[in-house]
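The values are calculated or read from the model by the stated rules, or taken from the named source; none is laboratory data. Remember, predicted model here, so these are calculated numbers, not experimental data. So basically every Cβ, Gly included, is an ideal-geometry build from the backbone, and we count neighbours across all protein chains shown. Heavy atoms of the whole protein, side chains included, go into the accessibility calculation; ligands, DNA and RNA do not. Shrake-Rupley method; radii C 1.70, N 1.55, O 1.52, S 1.80 Å.
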Amino acid sequence: MHEDLEFRCNKPKYYLEPDGFSSPGLDVIPLWESDDMITGFYFEGATPVFIVYYVDSLSEFREIGRSVDELINYLVDEYAENEVQVRNVLSN
């Protein structure tokens, strides 16, 4: 993991109870979580839909993309100081 993103990687707290911390009506597969936010995806047909949502507002999620490239763009835009380096690490 790149140092620009490493500080965001916490030990899991919420995904161990996916029924209690998933957006209502969605079968969300969590990818990672921060203190108060979960990033994950669900499938719409065969297409993954990547989302972020806060644990205190489960029904209000934000779609961040429908491809791994869009997920990487989101991560780079939101968290990377060295955008080129982080993009390369995540793409490989």
Report task. Kindly list the number of the only condition in (1) among the aromatic types (F, W, Y); (2) over 17 Å from L26 (Cβ atoms); (3) open to solvent by 30 Å² or more (accessible area, probe 1.4 Å) that fails for Y74. Result -> (3)
Query raised in the report: If you scan the range 33-60, which residues turn out to be in a strand (DSSP E or B) and open to solvent by 80 Å² or more (accessible area, probe 1.4 Å)?
Result: F43, E44, Y54
Query raised in the report: Only one of (1) of a type in the set (V, I, T); (2) open to solvent by 80 Å² or more (accessible area, probe 1.4 Å); (3) closer than 25 Å to S22 by Cβ is not met by V84, so which one is it?
Result: (3)
